[in-house]
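Peer 1: The structure follows.
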Amino acid sequence: MTNPDEKIDVFSEARKIWTPPEEVRLRAWVSDYESVYQKAVADPEAFWSGIASELDWFQPWTQVLEWRYPWAKWFLGARCNITYNCLDRHVKTWRRNKVALLWVGEDGSSQVLTYGELHRQVCRFASGLKTLGIKKGDRVMIYMPRIPQQFVAMLAVARVGAIHSVVYSGFSALALRERIEDAEAKLVVTADVGFQRGKSIQLKAVVDEAVEGAPSVQHVVVVRRQSPPIEIFGPRERDWDALLKQSSAICEAESMDSEDPLYTLYTSGTTGRPKGVLHVHGGYMVGTYITTKWVFDLKDEDVYFCTADPGWVTGHSYIVYGPLLNGATILFAEGAPDYPDPGRWWKLIEQHGVTIFYTTPTAIRSLMRYGDEWPASHDLSSLRILGTVGEPINPEAWLWYHRVTGERCPIMDTWWQTETGMTMITPLPGVPLKPGSATRPFPGIVADVLDKDGKPMPPNKGGSLVIKTPWPSMLRTVYKDPDRYEQYWRSIPNVYTAGDVAYRDDDGYFWILGRSDDVLKVSGYRLGTAEVESAIVSHAAVAEAAAIGKPDPLKGEAIKVFVILKQGYTPGSELREEIKAHVRHTLGPIAVPSELEFTTSLPKTRSGKIMRRVLKAKELGLETGDTSTLEE
Ligand code: WT7
């Protein structure tokens, strides 16, 4: 075998165009992107209300949009519940006995849930939630592995009108506690363990530590997977199965105002504190419904497989809500892409006849390193549409993904964010593709590239990626922090600033280059330099720290930190490992830096702000740019 790294480092063929076969375009829900886009731009309210009309509402809206810059409301006066459209709408039809969920655990266990069965379980858990005193507007934390009960928990919380906040199970107890406290959550739903690469991760133990000293938490519900089952001790703990058994399978979906909150999801920004991005029932439902349908050309006969974790927004919008709103059959898998071997996902695709496959550039790059033999030894002919999300995909990884899956499937490189709720810049199945470009905006979305004064950048010049008009699934606010919400629309007046650098080429195709702020994208995970730094500085030996992202051929970006020790501490490999372990404990394994360098000074402005830009330029051997404000 050749050196695996060689396959990744060459950046060539960047401007190649690939046009999907004509039949892909013709069979798609949208076969004429241009005219659909133009029609939507000409009358966005008619466009979005037309789409909303495909769903069921308890009461129709009286106004499509109210835009009081920077605050938006969609489908005013309407009443609905997203779970009614995910479940009840289907169980009233032949889809009642259609497979909703094909679940495979890492330990080889599996479960198949029809829409009828999923509906019953959600209703039971929703009834159970009510007996635990959960009502409309309450916050419920979900800290679970990728198991069917995670779906059930999310949907049941939404069904009773409460607000879920899913925390990725790779976060530490301290990170979980911080989120529980911010949300003032009344309930935490968890499991005894998750499985990852053959190891069991003790989730319940993390929750125990997190809820200690979190007075808002009244109950903890535990799914017990292990046998013999772990003991449930405290007075506030409840067993999932027991709760379901004693609860009614009849529980009508709460009638919600379309603007009532559905969930908050914590994400990293430029400060040390994560922000609770808030989405609502009505607009979010409309946005995720139509993007799932059109971007993946989702049809009833498809088997849809998205490898994300519901701990992140991709899982919310494109594992749970979007696919269920469309009545899809969803393959949901626990575990890593390369365990027990790098053929894991290809094997699942073959076994279940997956037709739509949505994953991340990091996963593709890692599978690419293992070589062609893994995909080649599986029958992947069922695949018809592919997708990627979370970070820019380098053309080499794109071309590999395309080639090993048979060179016939279009790849949907979907650009979006936790805040946008739905895919914003994305191909539709029939459009000509350029490897590495997310192509053009979804119909109804007006995107642009501006300079910092709000002036449009000419083609091929990088600038700030913005969205110029409100859209239904946009975040409504940052939980308990309206100022932080307003910043999205005020940093360049009148437009939503995404925080990404991008350019448009001569054909109007968007190329996303990466973040323009202090947000890192490590394996597609979003982390703030400030969060990593504050975790490091909380170690007793550390006086100051600065974190930067370094380009990494596999992870996209890798974290490097510079650390100044307090007087009396000596740099050394033992201390280095200890600090890394401290980050793991404070934030979680995903935030552990891959490089840690001890230093005695950091570049700062006169006002004392660390100039990470200077550190990064030095690290990469680049020009440092304007350093006139540099003090040290
Ligand atoms: C950031 C948002 C959206 C679901 C997962 C990530 C980067 C996302 C792409 C893409 C280039 C991308 C951006 C964005 N990003 N998709 N297709 N091409 N970059 O959600 O954690 O909120 O992160 O991910 O930098 O701002 P998120």
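Peer 1: Taking Lys245 as the anchor, which lysines have their alpha carbon closer than 26 Å to its alpha carbon, excluding any fewer than eight residues away along the same chain?
Peer 2: Hits, sequence-local ones excluded: Lys92, Lys98, Lys130, Lys135, Lys136, Lys186, Lys204.
Peer 1: As a test of the formula, what do you get for the chain when each DSSP H run with n ≥ 4 contributes -39,500 (n - 2.57) and the sum is divided by the residue count, at 222 nm and rounded to the nearest 500 deg cm²/dmol?
Peer 2: Details: 19 runs with 176 residues, N = 632.
Taking each H run of at least 4 residues, the total per residue is -8000 deg cm²/dmol.
Peer 1: Determine the order of Trp94, Trp29, Trp489, Trp18 by accessible area, beginning with the largest, at a probe radius of 1.4 Å. Please report the intermediate quantities before stating the final value.
Peer 2: Working: Trp94 160, Trp29 125, Trp489 0, Trp18 55 Å².
Correct descending sequence by accessible area is Trp94, Trp29, Trp18, Trp489.
Peer 1: Tabulate in residue order the Karplus-calculated ³J(HN,Hα) for segment 467-475, using 6.51 cos²θ - 1.76 cosθ + 1.60 with θ = phi - 60°, rounded to whole Hz; enter x for Gly and Pro.
Peer 2: Ordered by residue, 3J(HN,Hα) equals 10, 9, 9, x, 9, x, 9, 5, 4 Hz.
Peer 1: Quick check: net charge around Val160, other residues with Cβ under 13 Å of its Cβ, Lys/Arg +1 and Asp/Glu -1?
Peer 2: Numbers: positive: Arg124, Lys130, Lys135, Lys136, Arg139, Arg159, Lys186; negative: Asp138, Glu252, Glu254, Asp260.
Once all neighbours under 13 Å are counted, the net charge is +3.
Peer 1: In percent, how large is the relative contact order of the chain, given Cα pairs closer than 8 Å and 6 or more residues apart? Walk me through the intermediate numbers first.
Peer 2: Details: 1402 pairs, mean separation 89.7, N = 632.
Computed over the chain, the figure is 14 percent.
Peer 1: How far apart, in nm, are the 7 Å Cα→Cβ label points at Glu574 and Gln63?
Peer 2: About 6.8 nm separates the two model spin labels.
Peer 1: Using only the Cα atoms of segment 94-133, build the gyration tensor, take square roots of its eigenvalues as a ≥ b ≥ c, and label the shape rounded, prolate or oblate: rounded if a/c is under 1.5, else prolate if a/b is larger than b/c, else oblate. Mind dumping the intermediate values first?
Peer 2: Numbers: a/c = 5.11, a/b = 1.38, b/c = 3.69.
Here segment 94-133 falls in the oblate category.
Peer 1: Okay, next question. Quick one: which residues, 5 or more positions from Ala100 or on another chain, have an amide H under 5 Å from its amide H? H modelled 1.01 Å from N in the peptide plane, none for Pro or chain starts.
Peer 2: Sorted by chain and number, the residues that satisfy this are Leu113, Thr114, Tyr115.
Peer 1: Quick one: which residues, 5 or more positions from Arg515 or on another chain, have an amide H under 5 Å from its amide H? H modelled 1.01 Å from N in the peptide plane, none for Pro or chain starts.
Peer 2: Val501
Peer 1: Fully extended, how many nm does the chain gain between Glu597 and Ala205 (0.36 nm per residue separation, minus their Cα-Cα distance)? Intermediate values should be presented prior to the final figure.
Peer 2: Numbers: separation 392, 0.36 × 392 = 141.12 nm, distance 3.23 nm.
Fully extending the segment from Glu597 to Ala205 adds 137.9 nm.
Peer 1: Ok, one more. Using DSSP to call loops (not H, G, I, E or B), can you name the GluC sites (Glu not before Pro) in segment 359-425 whose Cβ has at most 16 other Cβ atoms within 10 angstrom? Let's see the in-between values first.
Peer 2: On the way: sites: Glu373, Glu396, Glu407, Glu419; in loops: Glu407, Glu419.
Passing sites in segment 359-425 are Glu407.
Peer 1: Next question, about the same structure. Please give me, ordered by residue number, the GluC sites (Glu not before Pro) of segment 50-117 that lie in loop per DSSP and have at most 16 other Cβ atoms within 10 Å.
Peer 2: The qualifying sites are Glu54.
Peer 1: Could you work out the relative contact order of segment 315-412? I mean the mean sequence separation of Cα pairs under 8 Å and 6+ apart, divided by the number of residues, in percent. The partial results should precede the final answer.
Peer 2: Details: 104 pairs, mean separation 25.6, N = 98.
Once divided by the residue count of segment 315-412, the mean separation gives 26 percent.
Peer 1: Suppose each label sits 7 Å from its Cα in the direction of the beta carbon; what would the Gln218-Arg369 distance come out to in nanometres?
Peer 2: Here the answer is 4.8 nm between the modelled labels.
Peer 1: Placing +1 on the Cβ of each Lys and Arg and -1 on the Cβ of each Asp and Glu in the chain, which of Met412, Gly283, Gly343 has its Cα farthest towards the positive end of the resulting dipole?
Peer 2: It is Gly283.
Peer 1: Would you mind getting the accessible area per residue of the chain, heavy atoms of the protein chains only, 1.4 Å probe, in Å²?
Peer 2: Values: 23930 Å² over 632 residues.
Per residue, the chain has 38 Å² of solvent-accessible surface.
Peer 1: Want the number for Phe233 to Ala376: 0.36 nm per residue separation, take away the alpha-carbon distance, what's left? Mind dumping the intermediate values first?
Peer 2: Details: separation 143, 0.36 × 143 = 51.48 nm, distance 4.97 nm.
Roughly 46.5 nm would be gained on extension.
Peer 1: With a bin width of 10 angstrom, please list the P(r) values of segment 522-607 as percents of all Cα-Cα pairs, from the 0 bin to the one holding the largest distance.
Peer 2: Using 10 Å bins, I get a P(r) of 18, 53, 26, 4 for segment 522-607.
Peer 1: Taking the Cβ of Pro21 as the centre, find all other residues whose Cβ is under 11 Å away and add up their charges (Lys, Arg: +1; Asp, Glu: -1). Working shown, then result.
Peer 2: On the way: positive: Arg25, Arg27, Arg384, Arg408; negative: Glu22, Glu23, Glu407.
Local charge sum for Pro21: +1.
Peer 1: If you rank Asp506, Asp500, Asp481 by how much accessible surface each has, with a 1.4 Å probe, what is the order from largest down?
Peer 2: Asp506, Asp481, Asp500
Peer 1: Keeping all protein chains in the complex and leaving out DNA, RNA and ligands, what accessible area do you get for Leu155 with a 1.4 Å probe, in Å² to the nearest 10?
Peer 2: 0
Peer 1: Charges at C-beta only: +1 for Lys and Arg, -1 for Asp and Glu. How large is the resulting dipole of the chain about its Cα centre, in Debye rounded to 20?
Peer 2: So the magnitude is around 940 debye.
Peer 1: So what does His219 come to for accessible area, using a 1.4 Å probe and Å² rounded to 10?
Peer 2: Here the accessible area works out near 30 Å².
Peer 1: Return the unpartnered cysteines for the chain, using a Cβ-Cβ cut-off of under 4.7 Å.
Peer 2: Cys80, Cys86, Cys306, Cys409
Peer 1: Classify segment 82-254 from the C-alpha gyration tensor, please: rounded if a/c falls under 1.5, else prolate or oblate depending on whether a/b exceeds b/c.
Peer 2: Working: a/c = 1.82, a/b = 1.26, b/c = 1.44.
Oblate, because a/c is 1.5 or more while a/b does not exceed b/c.
Peer 1: Which of the trypsin sites (Lys or Arg not before Pro) found in segment 190-253 are loop residues per DSSP with 15 or fewer other Cβ atoms within 10 Å of their Cβ?
Peer 2: On the way: sites: Arg197, Lys199, Lys204, Arg224, Arg225, Arg236, Arg238, Lys245; in loops: Arg197, Arg224, Arg225, Arg236.
Filter output for segment 190-253: Arg197, Arg236.
Peer 1: Around Pro361, with a cut-off of 11 angstrom between Cβ atoms, what is the net charge of the other residues, counting Lys and Arg +1 and Asp and Glu -1? Could the numbers behind the result be given before it?
Peer 2: Working: positive: Arg365, Lys521, Lys555; negative: Glu391, Glu396, Asp413.
Taking every other residue near Pro361 into account, the sum is 0.
Peer 1: Still on this model: Within segment 139-164, list the residues whose amide N lies under 16 Å from a label point set 7 Å along Cα→Cβ of Ser109.
Peer 2: Once the point is set 7 Å along Cα→Cβ of Ser109, 144-153 turn out to lie under 16 Å by backbone N, inside segment 139-164.
Peer 1: Roll a 1.4 angstrom probe over the protein heavy atoms and tell me the percent of accessible area of the chain that is carbon or sulfur. Walk me through the numbers before you get to the answer.
Peer 2: On the way: 12280 of 23930 Å².
After summing per-atom areas, the C and S share lands at 51 percent.
Peer 1: Another one. Which order do Leu324, Leu513 take when ranked by solvent-accessible area (1.4 Å probe, heavy atoms of all protein chains), largest first?
Peer 2: On the way: Leu324 0, Leu513 105 Å².
Result, largest first: Leu513, Leu324.
Peer 1: Taking H placed 1.01 Å from N in the peptide plane, check which residues at least 5 places from Thr439 or on another chain put their amide H under 5 Å from its amide H.
Peer 2: Phe510
Peer 1: Once the mean 1/r over all distinct Cα pairs of the chain is inverted, what Kirkwood radius in angstroms do you read off? Present the calculation step by step, with values, prior to reporting the outcome.
Peer 2: Details: mean 1/r = 0.0397 Å⁻¹.
Kirkwood hydrodynamic radius for the chain: 25.2 Å.
Peer 1: Can I ask one more? Can you send over the solvent-accessible area of Lys347, 1.4 Å probe, protein chains only, in Å² to the nearest 10?
Peer 2: Around 100 Å² of this residue is reachable by solvent.
Peer 1: A further question follows. Rounded to the nearest 20 debye, what is the charge dipole size of segment 209-287 about its Cα centre when +1 sits on each Lys and Arg Cβ and -1 on each Asp and Glu Cβ?
Peer 2: Working: 7 positive and 11 negative charges, 60 e Å.
Here segment 209-287 has a charge dipole of around 300 debye.
Peer 1: Could you grab the relative contact order for segment 519-620? Cα pairs under 8 Å, six or more apart, rounded to a whole percent.
Peer 2: On the way: 160 pairs, mean separation 26.4, N = 102.
Reported relative contact order: 26 percent.
Peer 1: Going by a ≥ b ≥ c, the root eigenvalues of the Cα gyration tensor, does segment 272-357 fall in the rounded group (a/c under 1.5), the prolate group (a/b larger than b/c) or the oblate group? Write down the numbers at each step before the final one.
Peer 2: On the way: a/c = 3.22, a/b = 1.28, b/c = 2.52.
Since a/c reaches 1.5 but b/c is at least a/b, the shape of segment 272-357 is classed as oblate.
Peer 1: Let me ask something additional. Estimate the FRET efficiency between Glu252 and Lys16 by the formula 1/(1 + (r/R0)^6), using the beta-carbon distance for r and 41 Å for R0, to the nearest 0.05. Kindly include the intermediate steps, with their values, before the conclusion.
Peer 2: Working: r = 53 Å, r/R0 = 1.30.
After rounding, the FRET efficiency stands at 0.15.
The values are calculated or read from the model by the stated rules, or taken from the named source; none is laboratory data. Remember, predicted model here, so these are calculated numbers, not experimental data. As a convention, Cβ positions derive from the backbone with ideal geometry for all residues, glycine included, and neighbour counts pool all protein chains shown. We work out accessible area using only protein heavy atoms, side chains counted, and drop any ligands, DNA or RNA first. Shrake-Rupley method; radii C 1.70, N 1.55, O 1.52, S 1.80 Å.
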